[in-house]
Amino acid sequence: MRTPARVFESAPWMAVTVVMCMVGSIIFAIPLKVFGLQPPEPVFSLVPVFVWGASRPSITAPLVILGLGVFQDLLWGSIFGLWPLCLLAAYLFVYAIRRFLSGQEFVIRWAWFCAACAVAFVVADVALTLADRTLPDLPGVAAQWLVTAALYPLANRLTERYENENARFR
Amino acid sequence: MAPLALVVVLAGTAALFVLARGQEPRSPGLDAARRMADSVLAPVERVLGAPVIWVHHAGDSISAYIFAGSQNRALKAQLNQALSWQDKATALQVDNDRLRALLGVKTDPPLPMVLGRTVLDARGPFANTRLVDVGAARGVMEGNPVLSDHGLVGRIVGVAPNASRVMLLTDTESRTPVLLSRTNGRAILTGDGGANPSLAYLRTHDPIRVGDRVLTSGDGGVLPRGLPVGVAVKGLDGAWRVALDSDAVPIDYVRVLLFRDFSQLVPAAALAHRSIPSIATGAPQPSPSAGTAAPTTATSGLSVPRSAP
């Protein structure tokens, strides 16, 4: 007797990713100073933004990203709406370039991930400059962009798991 | 459908950002959401941060044991220096007390404060805030200044029953009126998400120098005057910036000054007087034969001694 083909459920997959991002952000917000230096603060939410935009765009994804952005605002105490705006701008960018991502090598996809992160940070920079009339510290922005860009192996792992799970990609 | 949903959500978010920013006074709904989030996040972060603090304390103990010899030498040198300062401080204190008594100066009463532990630290370039584990239940209110062991850290911008959100001096939204202790010049300390906030609208008759002490000026009544902030430094971009005193110490414990406004610094009985005492100015006096009172100006409670021509 043939077993029915496994249907990929995107909701649990999204929920688990969201929870992991939230936990990662909360852990990295623990106050800590080692040898006078503080650990970096990567934007974990950009990982699912990239993966969902590239692998499985849907109606649900922008709403979940909106929720993730609101969580980031509440966690970091930033202006309400800042991170939803940045994450959705990055999602829009990834959605627009998704056809260039398929079949690309690891390094090329990493470069596109860096570009998506850059879109989010530029939007944050412009939005804050307009809101507070102060240009955020550019070395600080560059540092946060670098540590966020370093998260690409996580995004790659997530994409691989998604493609392995999804019967339609086999 | 997916692109349409994306565009709709993006447009809605942009509208939310603009409305949330432009709304004054702030929306009660957003405030309630922030309070609720802070109430939930504070205990979670306290639990998650506990092992970090234990490891940190253990590391401190180990390094203190290893470097005991060099620390002992450094402390002896500091003690010798401090003893010479103690003599000078005692002499100055005696002088100060005598002059205060002569002038009848009333010093500000000490402000009550509560000690809190930092449980969350947002340190990115777009938001520099902290969550401390004391809130409205301990008397903390929005606007209260927050200090570390060495200097001003920021001020309270959100209060939940058992947690408060502190906006640091380095946040892009932070604007703090400060003065230079050497020249009494004024400036606005402006955060930009970096470690050293800049001094904007600098007004001083004497040029600012590297190492000038920066204190809160108390202008505007948001913060009390004289809280230590840091020292002036020249930034790589050529702008005058401040190396914050609070950067030099661990970030775990902070003191929240329960300062509301300047009425706390004046006895209530003095505020009850409705009439402002008049003072004599240096205006020419009419001769006693004219039979009219000397002109007075009600400008302040300070009496101006009349100098002989």
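Taking the conditions exactly as written (crowded, with 22+ Cβ neighbours inside 10 Å and more than 30 Å from A:Pro139 (Cβ to Cβ)), does A:Trp52 satisfy them or not? So A:Trp52 fits the description; yes.
Looking at A:Leu88, A:Leu130 in this structure, which one is part of a helix (DSSP H, G or I) and out of contact with any Pro (no Cβ under 9 Å at 6 or more places or on another chain)? Spell out the reasoning first.
Numbers: A:Leu88 fails: out of contact with any Pro (no Cβ under 9 Å at 6 or more places or on another chain).
Only one candidate passes the filter, namely A:Leu130.
One residue stands out in the stretch A:110-128 among those that are closer than 19 Å to A:Phe80 by Cα and surrounded by fewer than 17 Cβ atoms within 10 Å (Cβ to Cβ): the one that is nearest to the chain's Cα centre (by Cα), namely A:Val122.
For the stretch B:46-59, enumerate the residues that are away from chain A (no Cβ under 11 Å) and either exposed (fewer than 11 other Cβ atoms within 10 Å of the Cβ) or over 29 Å from the mean Cα position of the chain (by Cα) (or both).
Our first condition is that a residue be away from chain A (no Cβ under 11 Å); within the stretch B:46-59, this holds for B:54, B:57-58.
Answer for the stretch B:46-59, where residues must be away from chain A (no Cβ under 11 Å) and either exposed (fewer than 11 other Cβ atoms within 10 Å of the Cβ) or over 29 Å from the mean Cα position of the chain (by Cα) (or both): B:Trp54, B:Ala58.
Filter the stretch B:109-168 for residues that are small (Gly, Ala, Ser) and farther than 29 Å from A:Leu128 by Cα; which is nearest to the other protein chains (Cβ to nearest Cβ)? Restricting to residues being small (Gly, Ala, Ser) and farther than 29 Å from A:Leu128 by Cα, the top hit is B:Gly116.
Report whether or not B:Ala82 is surrounded by 12 or more Cβ atoms within 10 Å (Cβ to Cβ), free of Cβ contacts under 8 Å to residues at least 40 places away in the same chain and of a type outside the set (Lys, Arg).
Numbers: surrounded by 12 or more Cβ atoms within 10 Å (Cβ to Cβ): no; free of Cβ contacts under 8 Å to residues at least 40 places away in the same chain: yes; of a type outside the set (Lys, Arg): yes.
Spelling it out, it is not the case that B:Ala82 is surrounded by 12 or more Cβ atoms within 10 Å (Cβ to Cβ), free of Cβ contacts under 8 Å to residues at least 40 places away in the same chain and of a type outside the set (Lys, Arg).
Can you tell me which residue within the stretch A:71-101, out of those that are touching a residue at least 24 places away in the same chain (Cβ under 8 Å) and of a type in the set (Ser, Thr, Tyr), is farthest from B:Arg165 (Cα to Cα)? Ranking the candidates gives A:Tyr95 first. A search for C-beta distances below 6 Å between a residue of the stretch B:169-198 that is at positive phi and any residue that is in a loop (DSSP other than H, G, I, E, B), counting only pairs 6+ apart in sequence or on different chains, returns B:Gly193/A:Pro136; B:Gly193/A:Asp137; B:Gly193/B:Pro125; B:Gly193/B:Thr172. Consider the stretch B:205-249 and keep the residues that are among the acidic types (Asp, Glu) and surrounded by 14 or more Cβ atoms within 10 Å (Cβ to Cβ). The one that is modelled with the lowest pLDDT is B:Asp247.
For the stretch B:30-45, taking the residues that are facing chain A (nearest Cβ under 10 Å) and over 12 Å from B:Val159 (Cα atoms), the one that is surrounded by the most Cβ atoms within 10 Å (Cβ to Cβ) is identified as B:Glu45.
Can you find, within the stretch A:43-67, the residue that is nearest to the other protein chains (Cβ to nearest Cβ) among those that are of a type in the set (A, V, I, L, M) and more than 26 Å from B:Ala122 (Cβ to Cβ)? Among them, the one singled out is A:Ile59.
The values are calculated or read from the model by the stated rules, or taken from the named source; none is laboratory data. Remember, predicted model here, so these are calculated numbers, not experimental data. All Cβ positions, even for glycine, are placed from backbone atoms using ideal geometry, and neighbour counts span all protein chains on display.
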